[in-house]
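> Please find one structure pasted underneath; my questions will follow.
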Amino acid sequence: MARRVSEASAAGRRLSVVLSGGSTPKPLYELLAGSESPVRNWAPVDFFWGDERCVPPDHPESNYGMARRVLLDQIGIAPSRIHRMYGELAPQQAAQQYCGELRRCFGISENDMPRFDLVLLGLGADGHTASLFPGSRALEEQRRPVVAVYVEKLGSHRITLSLPAINNADCVVFLVTGEAKAEILRSVVDPADSEIQPPAALVRPSGRLIILTDRGAARLLKGGETNDPGR
Ligand code: 6PG
């Protein structure tokens with residue numbers, strides 16, 4: 001991320017970064033916001049979100065709220081560079097609003113897909129990523145970049161980028177830690193070896209796919225025990 005931000009800064013262009021929710025990225029955001037941060041100048045960056053819970057921005061569950069507290073409030077980013085999903089709106093309305101925001105930011109028409117520079121994603125133990133859950137109708141979405149979904153297992157609505165929007169990105173980075181994610185990570189990295197095909201395994205961007213993981217989550221990967229840097 002630091003390299004991409006400095007390249008964008010040197011080239012005088014914008015960099016679109018999609019933040020993930022959940023707990024895994026929080027230490028990353030703290031590092032990026034801290035005195036040891038490798039990023040000195042955030043000016044080129046526009047922040048977006050991969051998904052949002054249907055709650056107000058100050059709700060403890062808000063992905064935007066977490067990133068605001070841990071990262072955005074620390075780095076003095078201009079409000080115009082923060083493009084949150086409006087979780088406080090009715091789900092369909094929030095999805096439509098975000099589609100409009102993406103059209104405005106990327107200068108694209110109704111059914112074009114934005115091309116994000118860098119998308120951060122987490123991985124749920126059930127193989128979901130963003131708010132694309134197993135069996136969800138959202139997995140079939142091919143036309144819109146953002147949809148509202150009702151997540152049965154959570155008993156709540158979410159707003160999420162669709163797979164085409166994620167897969168149109170220049171670079172997608174999964175951040176996965178902990179032994180509890182080892183089985184599902186294997187089914188994402190080596191889908192041929194696994195009878196399940198989780199939603200996260202459908203993330204195959206036109207650009208680069210990077211999976212950052214720790215030894216615990218990588219222990220079932222072929223070569224994972226050697227923590228093969230090539231993977
Ligand atoms: C969310 C995230 C979701 C998350 C996974 C992993 O809104 O919760 O977008 O996709 O990345 O559920 O969550 P943890 O990092 O907390 O394991």
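> Can you tell me which of 154, 71, 120 moves the most in a GNM of the chain? Springs connect C-alpha atoms under 10 Å apart.
154
> At 1.4 Å probe radius, can you tell me the per residue accessible area of the stretch 86-231 in Å²?
Per residue, the stretch 86-231 has 48 Å² of solvent-accessible surface.
> In addition: Expressed as cubic angstrom per residue, what is the convex hull volume of the alpha carbon set of the stretch 62-113? Walk me through the intermediate numbers first.
Working: hull volume 4.5 nm³, N = 52.
Dividing the Cα hull volume of the stretch 62-113 by its residues yields 87 Å³.
> Run through every distinct alpha carbon pair of the chain and return the Kirkwood hydrodynamic radius in angstroms, one decimal place. Before the final figure, lay out the partial values.
Details: mean 1/r = 0.0556 Å⁻¹.
Every distinct Cα pair counted, the radius reaches 18.0 Å.
> Give, in nm to one decimal, the length gained when the segment between residue 179 and residue 40 is fully stretched (0.36 nm per residue of separation minus the Cα-Cα distance). If you can, show how the numbers build up before the last one.
On the way: separation 139, 0.36 × 139 = 50.04 nm, distance 3.32 nm.
Between residue 179 and residue 40, full extension yields 46.7 nm more.
> Which percent, nearest 5, of DSSP beta bridges in the chain are antiparallel?
Values: 10 of 27 bridges.
Percent antiparallel among DSSP bridges in the chain is about 35.
> Per-residue accessible area for residue 58 at 1.4 Å probe radius, Å² rounded to 10?
130 Å²
> Let me ask something else about it. Residues of the stretch 109-144 with backbone nitrogen within less than 15 Å of a virtual label 7 Å along the Cα-to-Cβ line of residue 195, please, listed as ranges.
none
> Please report the antiparallel percentage of the DSSP beta bridges confined to the stretch 81-184, to the nearest 5. Provide the component values of the computation, followed by the final result.
Details: 7 of 10 bridges.
Of all bridge pairs located within the stretch 81-184, approximately 70 percent are antiparallel.
> Now for a different question. Express in % the proportion of alpha carbon pairs of the stretch 1-76 at distances exceeding 22 Å. Walk me through the intermediate numbers first.
Working: 638 of 2850 pairs.
Within the stretch 1-76, distances greater than 22 Å cover 22 percent of Cα pairs.
> Local charge sum around residue 150 (other residues, Cβ-Cβ under 12 Å, Lys/Arg +1, Asp/Glu -1)? Present the calculation step by step, with values, prior to reporting the outcome.
On the way: positive: 137, 153, 158; negative: 152.
Charge balance near residue 150 sits at +2.
> While we're on this one: Consider a paramagnetic label point 7 Å from the Cα of residue 103 along Cα→Cβ; state which residues of the stretch 48-79 have an amide N under 16 Å from it.
none
> Would you work out the relative contact order for the chain, in percent, from Cα pairs under 8 angstrom that are 6 or more residues apart? All intermediate terms of the calculation are to be shown ahead of the outcome.
Numbers: 480 pairs, mean separation 40.8, N = 231.
Result for the chain is 18 percent.
> Something else: Give or take rounding to whole Å, what are the principal axis extents of the alpha carbon atoms in the stretch 103-154, in descending order?
Its Cα atoms span 36, 22, 15 Å along the three principal axes.
> How would 153, 181, 26 line up by accessible area, probe 1.4 Å, largest first? Kindly include the intermediate steps, with their values, before the conclusion.
Values: 153 140, 181 40, 26 85 Å².
Sorted descending by solvent-accessible area, the residues read 153, 26, 181.
> Can you give the accessible area of residue 80 in Å² (nearest 10), computed on protein heavy atoms with a 1.4 Å probe?
80 Å²
> Separate question: Could you sort 129, 177 by accessible area so the largest value comes first, with the probe set to 1.4 Å? Could the numbers behind the result be given before it?
Details: 129 0, 177 65 Å².
The ranking, largest first, comes out as 177, 129.
> May I ask you to give the percent of accessible area on the chain that is carbon plus sulfur, with a probe radius of 1.4 Å?
Details: 5360 of 10790 Å².
Roughly 50 percent, rounded to a whole number.
> Sorted by accessible area (1.4 Å probe), largest first, how do 13, 40 line up? List each step's numbers first, then the result.
Working: 13 110, 40 175 Å².
Final ranking, largest accessible area leading: 40, 13.
> Can you give the helix-only mean residue ellipticity at 222 nm for the chain, where every DSSP H stretch with n ≥ 4 adds -39500 (n - 2.57) and the sum goes over all residues, rounded to the nearest 500 deg cm²/dmol? All intermediate terms of the calculation are to be shown ahead of the outcome.
On the way: 7 runs with 56 residues, N = 231.
After summing the helix terms and dividing by residue count, I get -6500 deg cm²/dmol.
> Still on this structure: Given just the C-alpha atoms of the stretch 152-193, how large is their convex hull per residue in cubic angstrom?
Working: hull volume 5.8 nm³, N = 42.
For the stretch 152-193, the hull spanned by Cα atoms encloses 138 Å³ per residue.
> Could you state the accessible area per residue of the stretch 1-65 in Å², with a 1.4 Å probe and every protein chain left in place?
Numbers: 2910 Å² over 65 residues.
Roughly 45 Å² per residue, with all protein chains present.
> If you project the alpha carbons of the stretch 98-204 onto their three principal axes, what span does each projection cover, largest first, in Å?
Largest first, the stretch 98-204 extends 41, 31, 22 Å along its Cα principal axes.
> Binning every alpha carbon pair distance of the stretch 54-143 at 5 Å from zero, what are the percents per bin?
2, 11, 15, 24, 25, 15, 6, 1
> Another question about this same structure. Between the stretch 146-208 and the stretch 9-23, what's the alpha-carbon centroid distance in Å?
After rounding, the separation between the Cα centres reads 20 Å.
> Report, in cubic angstrom per residue, the convex hull volume of the C-alpha atoms of the stretch 43-87. List each step's numbers first, then the result.
Working: hull volume 2.9 nm³, N = 45.
Cα convex hull per residue, to the nearest whole number: 65 Å³.
The values are calculated or read from the model by the stated rules, or taken from the named source; none is laboratory data. Quantities reported herein were computed from a predicted structural model and do not represent experimental measurements. So basically every Cβ, Gly included, is an ideal-geometry build from the backbone, and we count neighbours across all protein chains shown. Ligands, DNA and RNA are excluded from the accessible area calculation, which covers all protein heavy atoms including side chains. Shrake-Rupley method; radii C 1.70, N 1.55, O 1.52, S 1.80 Å.
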